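Asker: What follows is a structure written as structure tokens; I'll ask about it next.
The values are calculated or read from the model by the stated rules, or taken from the named source; none is laboratory data. Quantities reported herein were computed from a predicted structural model and do not represent experimental measurements. When we count neighbours, we look across all protein chains shown, and the Cβ atoms used for this are built from the backbone with ideal geometry, even at glycine. Calculation scope for accessible area: heavy atoms of the full protein, side chains included, ligands and nucleic acids excluded. Shrake-Rupley method; radii C 1.70, N 1.55, O 1.52, S 1.80 Å.
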Amino acid sequence: MSRFTGTVLAVTSALALVAGSAAAAVAAPAPGAAAEAKVAAVDWKPCNPDPSQPDPKIYDCAVYQVPLDYDHPKGETTGIAMMRRRASDPAKRIGSLFLNPGGPGGSGYLWATTTRFGKDVQDRFDLVGFDPRGVARSNPLKCFTTDEEAAAVNDRMIGVPVTRAEIAQTIDATEDYSDACSRNAGPLIEHMSTINVVRDLDRMRRAVGDSKLNFAGFSYGTLIGATYAGMYPDKVRALIVDGNVDPNLRMHNGVEYDRQRATGFEVALTEFLKRCQTAGAPRCAFGAGDTRAKFDALRDHLRTSPVTLPDGTQVTLSSFTSQVASSLYAQRLQAPLAVSLQAIHQVLNAPAAAPQGLAAAAPAVDPAVVENAKVLAKTVPNALREALPETPYSSDDSYYGVNCQDKPYPSNPWTLANLAKPWEKESPTFGRYQAFDGPTCASWPAPARDAETFTGPWNRKTAAPVMVIGNLYDPATNYGFAQRMQRQLGNAVLVSVDVVEHCAVGRSKELNKLVTDYLVNQKAPAPGQLLKPDAEAFPPVA
């Protein structure tokens, strides 16, 4: 997310420390190996997803109890918060469509209200959103007791540390974070891996009365879908995976997976800059001149020193990188990103407002330009969280709770930190950024090497083809991952979309026709299709 020799040597060293981490891996059960066990039905109660608005009277909510530890199914339980939007045409109802937005740690509860799917899907399916175990409303995994305690640790982490002192400070903070999790998270931290989420999902499928699963998973949710296909292939009716991970790589080699994520971000950035230059100014505010050279100059300046705006606000390498990464996720954010990039370019290149030689001279910059540049001064959180705020600690720690149990990493955080330099050579903007997503997992109290995980095989033939969707320039889950997902699954079709964005359902009418036909009529799309999104990142100026 190296020049190849340095990267290969560094990654090989890291892998030597990860060897043997799949000892607790779980093999896929044989299809139809045992009769399906009965489970308690979901006890739905009417609810209003937005109490500030009139109740539409089409939603129900529940908390469904599942085993905390599936090795002890009659022991302690944990609750899964669920919401459903009832099918609009009950007489033609097919079943439930379960939804997961990814993350890991993304709250899917309110996805029952999503408009990503068309009327025919809403007519025929109950849309069921849920917060996976340890997420948001589902007994959230909490490493801290107060927001202040969390801030004392998190504020010491630098997203893109460059100097030895910054790196040491960040690694020290990740170890304190892990220590807090060990003290405060409780037994749930041992049972956050994706295999448990999939077991919960299959139990929920049975609990709503469906003989087979209908599921749409986005981003990390594609790993849930692929794992379900591997564990319960004969229970798949329709399964959509959009914005795909590479399941085999992710579950066997967290280090290499992260390196390839960095390259995916870099490819998406390059395409964004290319499309911006093609559109030109004013369609793309950053489109005048050489966009690549301008961007690289900004990044390289920030690598050595922050940009101080006239009001004293500082844009740092960490805040800049996180904002660029976040904007690549959604096409609608890319024109505003271009405005902010042009603004900071203007600030950095503005003439001094006072005679040359006065150190205190501030650049003469329009206040509106400064406001646009300030957008790049705020660091975007590295995970989507929707924890309830009524507690002294208003967030949750499910992002690392899942990642660190699924993805094998070396146990020495400096092994990962030492990868930053070669990764940065290969991916100048995102290599170092991605290298520092892993060190927390090096000291995690419940790491993948000790966890029960599903590591394949992924090639069991499902009862119905899986619909795989991949964007050509997906930053977070690069297009190569989608291609590999399609090849790894035993029965899957890949549909591609030509767009710089993460995930595609709901962004293309052409795609949604295929999605509707697949879900409602069980008609798999023809392979090899390349679709266009409905909107452009830089539409013509009226």
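Asker: Counting only residues that are farther than 14 Å from PHE295 by Cα and among the hydrophobic types (A, V, I, L, M, F, W, C), which one in the range 269-283 is least open to solvent (accessible area, probe 1.4 Å)?
Answerer: Restricting to residues being farther than 14 Å from PHE295 by Cα and among the hydrophobic types (A, V, I, L, M, F, W, C), the top hit is ALA279.
Asker: Please work out if ARG292 is among the charged types (D, E, K, R), under 22 Å from PHE538 (Cα atoms) and touching a Leu at 6+ places or on another chain (Cβ under 6 Å).
Answerer: Criteria met by ARG292.
Asker: Which residue, of ASP131, ASP176, is within 20 Å of the chain's Cα centre (by Cα) and acidic (Asp, Glu)?
Answerer: Only one candidate qualifies: ASP131.
Asker: Filter the range 393-409 for residues that are closer than 17 Å to TYR177 by Cα and either touching a helix residue (DSSP H, G or I) at 6+ places or on another chain (Cβ under 7 Å) or polar (S, T, N, Q) (or both) and give the result.
Answerer: TYR393, SER394, SER395, ASP397, SER398, TYR400, GLY401, VAL402, ASN403, CYS404, GLN405, TYR409
Asker: Just need a number here: residues in the range 214-244 that are within 18 Å of THR114 (Cβ to Cβ) and of a type in the set (A, V, I, L, M).
Answerer: Residues that pass the stated criteria total 6.
Asker: Inspect the range 489-504 for any residue being assigned to a helix (DSSP H, G or I) and hydrophobic (A, V, I, L, M, F, W, C) and give the result as yes or no.
Answerer: There is no residue in the range 489-504 that is assigned to a helix (DSSP H, G or I) and hydrophobic (A, V, I, L, M, F, W, C).
Asker: Filter the range 119-158 down to residues that are aromatic (Phe, Trp, Tyr) and either over 23 Å from LYS513 (Cβ atoms) or in contact with a Pro (Cβ under 9 Å, 6 or more places away or on another chain) (or both), then give me how many there are.
Answerer: 2
Asker: How do the helices (runs of 4 or more DSSP H) wholly within the range 286-354 filter down when requiring 1 or more residues that are of a type outside the set (Phe, Trp, Tyr), modelled with pLDDT of 95 or more and touching a Gly at 6+ places or on another chain (Cβ under 6 Å): which remain?
Answerer: Because the criterion is at least 1 residues that are of a type outside the set (Phe, Trp, Tyr), modelled with pLDDT of 95 or more and touching a Gly at 6+ places or on another chain (Cβ under 6 Å), the helices (runs of 4 or more DSSP H) in the range 286-354 that meet it are 317-328.
Asker: Specify which of the listed residues (GLU166, GLU190) is within 19 Å of PRO381 (Cα to Cα), at pLDDT 95 or above and not β-branched (Val, Ile, Thr).
Answerer: GLU166
Matching residues to (1) of a type in the set (Val, Ile, Thr); (2) within 20 Å of the chain's Cα centre (by Cα); (3) closer than 17 Å to PRO101 by Cα:
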residue: ALA476; (1), (2), (3): no, yes, yes
residue: TYR479; (1), (2), (3): no, yes, no
residue: GLN483; (1), (2), (3): no, yes, no
residue: VAL493; (1), (2), (3): yes, no, no
residue: VAL497; (1), (2), (3): yes, yes, no
residue: HIS502; (1), (2), (3): no, yes, yes
residue: ARG507; (1), (2), (3): no, yes, yes
residue: TYR518; (1), (2), (3): no, no, no
residue: ASN521; (1), (2), (3): no, no, no
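Asker: If you take the residues of the range 46-75 that are β-branched (Val, Ile, Thr) and more than 13 Å from ARG199 (Cβ to Cβ), which of them is surrounded by the fewest Cβ atoms within 10 Å (Cβ to Cβ)?
Answerer: Across the range 46-75, the extreme among qualifying residues is VAL63.
Asker: If I filter the range 187-201 for residues that are on the phi < 0 side of the Ramachandran plot, open to solvent by 60 Å² or more (accessible area, probe 1.4 Å) and in a helix (DSSP H, G or I), do I get at least one hit?
Answerer: yes
Asker: Here is a follow-up. What residue, among those in the range 120-172 that are of a type in the set (D, E, K, R) and closer than 30 Å to GLY95 by Cα, is most open to solvent (accessible area, probe 1.4 Å)?
Answerer: So, considering only residues that are of a type in the set (D, E, K, R) and closer than 30 Å to GLY95 by Cα, the one most open to solvent (accessible area, probe 1.4 Å) is ASP120.
Asker: While we're on this one: Residues in the range 482-520 that are open to solvent by 40 Å² or more (accessible area, probe 1.4 Å), out of contact with any helix residue (DSSP H, G or I) (no Cβ under 8 Å at 6 or more places or on another chain) and under 30 Å from LEU273 (Cα atoms): how many?
Answerer: 4
Asker: From (1) in a strand (DSSP E or B); (2) touching a Lys or Arg at 6+ places or on another chain (Cβ under 9 Å); (3) farther than 30 Å from ASP437 by Cα; (4) open to solvent by less than 50 Å² (accessible area, probe 1.4 Å), pick out the condition that doesn't hold for MET83.
Answerer: Looking at each condition in turn, MET83 falls short on (2).
Asker: Now for a different question. State which residue is most open to solvent (accessible area, probe 1.4 Å) when the search covers only the range 95-117 and only residues that are in contact with an Asp or Glu (Cβ under 9 Å, 6 or more places away or on another chain) and among the aliphatic types (A, V, I, L, M).
Answerer: Selected residue: LEU110.
Asker: Does PRO445 qualify as being surrounded by fewer than 24 Cβ atoms within 10 Å (Cβ to Cβ), under 30 Å from ILE80 (Cα atoms) and modelled with pLDDT of 90 or more?
Answerer: yes
Asker: Which residues, taken from the range 69-79, are closer than 25 Å to LEU127 by Cα and either out of contact with any Leu (no Cβ under 9 Å at 6 or more places or on another chain) or part of a loop (DSSP other than H, G, I, E, B) (or both)?
Answerer: Answer for the range 69-79, where residues must be closer than 25 Å to LEU127 by Cα and either out of contact with any Leu (no Cβ under 9 Å at 6 or more places or on another chain) or part of a loop (DSSP other than H, G, I, E, B) (or both): just GLY79.
Asker: Spot the failing condition for TYR409; the list is (1) more than 19 Å from MET157 (Cβ to Cβ); (2) surrounded by 21 or more Cβ atoms within 10 Å (Cβ to Cβ), and only one is missed.
Answerer: (1)
Here is a yes/no grid of residues against (1) under 20 Å from LEU514 (Cβ atoms); (2) assigned to a loop (DSSP other than H, G, I, E, B); (3) aromatic (Phe, Trp, Tyr):
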| position | (1), (2), (3) |
| --- | --- |
| MET204 | no, no, no |
| SER211 | no, yes, no |
| ILE224 | no, no, no |
| THR227 | no, no, no |
| GLY230 | no, no, no |
| VAL241 | yes, no, no |
| ASN248 | no, no, no |
| VAL255 | no, no, no |
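Asker: Among the numbered criteria (1) farther than 18 Å from GLY225 by Cα; (2) touching a strand residue (DSSP E or B) at 6+ places or on another chain (Cβ under 8 Å); (3) at pLDDT below 95, which single criterion is violated by SER138?
Answerer: (3)
Asker: So which of ALA526, ALA535 ends up being over 23 Å from the mean Cα position of the chain (by Cα) and open to solvent by 40 Å² or more (accessible area, probe 1.4 Å)?
Answerer: ALA526
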